[in-house]
Amino acid sequence: MTSAPEQRMDFIREIIAEDLRRGTWGGRVHTRFPPEPNGYLHIGHAKSICLNFGIATEFGGKCNLRLDDTNPMKEEEEYVASIKEDVRWLGFDWEDREYYASDYFDQLYGYALALIRKGKAYVDSLTAEEIRQHRGTLTEPGRNSPYRDRTVEENLDLFRRMGEGEFEEGTHTLRAKIDMASGNLNLRDPVLYRIMKSFHHRTGDRWKVYPMYDFAHGQSDSIEGITHSLCTLEFEDHRPLYDWFLEELGIHHPRQIEFARLNLTYTALSKRRLLRLVNEGHVSGWDDPRMPTLSGMRRRGYTPESIRRFCDLIGLAKKNSTAEIELLEHCLREDLNRTTRRTMAVLDPLRVVIENYPEGKVEWFEADNHPDDPSLGTRKIPFSREIFIERDDFMEAPPKKFFRLSPGREVRLKHTYYITCTSVERDTDGRISTLRCMYDPESRGGSTPDGRKIKGTLHWVSALHAAQAQVRLYDYLFKDKEPDFGDNQESFARALNSNSLKVLTGCMVEQALREAGPGSRFQFLRHGYFCVDRRDSSQEGLVFNRTITLRDSWARVQAQEPPPGGDTQRGKVSSKT
């Protein structure tokens, strides 16, 4: 028997470990990740992916990838491809266990027939609105449909004709016959099948009726031999319905366990809202780097390691809460700081001419790609008479504690020489256009024979060799920590942060970045972490996305592991029940 490492124990792992101890499933652990292919996966799905695949790995079990494709009106092959890409990118492998609910349409249809024959399902001819009116409320019981007592033969005939496409959409549904007075609204004769004459991305035009998600979900788990069906809390009230189906059908009955879904500050994780952002043009698409989709985060420069670390830190809980986005950013900075090569980039260039440096001369300086990791190697940096520095690294009349460049002040150029500003030139609008400077030839490498100390060190690029680039600076997509999305287009638009994207053109970066491949990550000294845009960048037009700044507002976090057997959510969260 395999058991989970003690330091990772939580209430779900405790249940699984106890099941294994008792031999409940014959020593098996089999989970699944079951997304619907009606949108792109987001950071909330990452929690479920890490949980299901992680538990299978820890307990020596298996995890399936199953696409719950029961609604052809909203599903597309594009979403299927993106889901598979995202799961692989996060570092997980379902091997040969790629399944679809549509694989089981024949079997599910047979289950529906079995329920009809048992008198546990009937064809209802109420409209959708009439079904809602009959359903009742949380305080009032529902009313039986006038079609609830149709005979088994009549129900079998009508359901067969529904499947053959004889009836129009909305005219009939197949409903379970449970209890219209149940305190659980999910048990008030839920719809099992509806007529949908839509093309399915896998089965084509074969089917004219499609199972509801609630009917397909638990039975698909059963067909696949799942032992532990891990669901988010909104499915807790659906569990009695899933149990009813499995018990009435007399088939394999997985154990369903619910956990709190991921909520994140400054973020929308509802598929409906994410789709709205795309359809209304607030973002450039599902992979816009401001989106919390895994494809958007990948394009922005997030690493799968940082996301897995974040999911581990927030842990599992039985009560809904909201994680602080700063914790996610902290995990990202930690990973990027450890793994990312350093380079220099000037985002707002100011031309500097070093007057006593020989014209036409070029020197090459060797620089470490990472101060703490020699395995990342070194690079050669060209130095010439004309360079670019950041415009805000110069002030004509600086305050007392300004240690960068100003008239008559000496600073160090990273990796190379000391320079002193001697004069300033302006363009016709009065804006500073060029700085004239002198360099100290004896300061090569950042030190001088007299040992004088220089407080200011500037990053720079050689004007002769620099590559020009566009740089995109991103901020949160929503203004408030807990956005008020409202119910209409105006309130939704008001929640958006109008400064979530700033595009800088004419930026100058080290020449070696011309060869950087899509998705390559770098730390631009003093600016933050950036990556080459996967979609828009090319050697002819470099585009860099700022992944995250250098400042870590979560540095105060002391990640605490939960007590053994506890369900405490790790990391800092704000309670939101």
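Once both labels are positioned 7 Å from their Cα atoms along Cα-to-Cβ, the gap between Leu138 and Lys479 label points is 3.1 nm. Taking label points 7 Å from Cα along the Cα-to-Cβ direction, Leu185 and Val503 give a separation of 4.5 nm. For the pair Leu525 and Asn263, a Förster radius of 45 Å applied to the C-beta separation gives a FRET efficiency near 0.80, rounded to the nearest 0.05.
With helices as the sole contributors, the chain gives -7500 deg cm²/dmol at 222 nm; each DSSP H run of n ≥ 4 counts as -39500 (n - 2.57), and the sum is divided by every residue.
For Trp207, neighbours were defined as the other residues whose beta-carbon sits under 12 Å from its Cβ, and their charges (Lys and Arg +1, Asp and Glu -1) total +1.
Between Ser433 and Lys414, the modelled label-to-label distance comes to 2.8 nm, taking each label 7 Å out from Cα in the direction of the beta carbon.
In the range 337-468, the DSSP beta bridges split such that about 75 percent are antiparallel, to the nearest 5.
Take the Cβ-Cβ distance between Leu376 and Ser538 as r, set R0 to 25 Å, and report the resulting FRET efficiency rounded to the nearest 0.05. About 0.50, to the nearest 0.05. Projecting the Cα atoms of Leu241, Ile223, His200 onto the charge dipole of the range 182-272, computed from C-beta unit charges around the Cα centre, puts His200 farthest toward the positive end.
Write down the percent of antiparallel bridges among all DSSP beta bridges whose residues are both part of the chain, to the nearest 5.
Approximately 65 percent, going by the DSSP bridge assignments.
Structure note, pairs Lys120/Lys271; Lys74/Lys197; Lys62/Lys271; Lys177/Lys319; Lys271/Lys319; Lys481/Lys502: Cα-Cα distances above 23 angstrom occur for Lys120/Lys271; Lys62/Lys271; Lys177/Lys319.
Only protein atoms count toward the accessible area here, which uses a 1.4 Å probe; on the chain, the carbon and sulfur part of that area reaches 46 percent. Reducing the range 382-444 and the range 236-270 to their Cα centroids gives an inter-centroid distance of 63 Å. The distance from the alpha carbon centre of the range 490-537 to that of the range 31-87 is 29 Å, rounded to a whole number. If only the Cβ of Lys and Arg carry +1 and only the Cβ of Asp and Glu carry -1, the dipole of the range 208-272 around its Cα centre is close to 380 debye. A Cβ-based charge dipole, computed about the Cα centre of the chain with Lys and Arg at +1 and Asp and Glu at -1, lands at about 1480 debye. Between Asp96 and Ala367, the contour length at 0.36 nm per residue exceeds the Cα-Cα span by 93.0 nm. The stretch between Arg272 and Thr203 holds 22.3 nm of extra length on full extension. This uses 0.36 nm per residue minus the Cα-Cα distance.
Summing charges over neighbours of Thr420, with a neighbour being any other residue whose Cβ is under 9 Å away from its Cβ, gives -1 when K and R count +1 and D and E count -1. Once the 1.4 Å probe is applied to the protein heavy atoms, the chain comes out at 45 Å² accessible per residue. If R0 is taken as 30 Å, the Cβ-Cβ distance between Glu490 and Ala128 corresponds to a FRET efficiency of 0.55. Binning the alpha carbon pair distances of the range 55-135 at 10 angstrom intervals from zero yields the distribution 14, 28, 29, 19, 10, expressed in whole percent. Please give the helix 77-89 orientation as an angle from the longest Cα principal axis of the chain, in degrees from 0 to 90, rounded to the nearest 10. Orientation of helix 77-89: about 60 degrees from the principal axis. Taking the Cα centre of the range 190-314 as origin and assigning +1 to Lys and Arg Cβ atoms and -1 to Asp and Glu Cβ atoms, the resulting dipole is close to 740 debye.
The values are calculated or read from the model by the stated rules, or taken from the named source; none is laboratory data. These numbers come from a predicted model, not from an experiment. Note: ideal-geometry Cβ built from the backbone for every residue, glycine included; neighbour counts use all protein chains shown. In case anyone asks, the SASA skips ligands and DNA or RNA and just uses the protein heavy atoms, side chains included. Shrake-Rupley method; radii C 1.70, N 1.55, O 1.52, S 1.80 Å.
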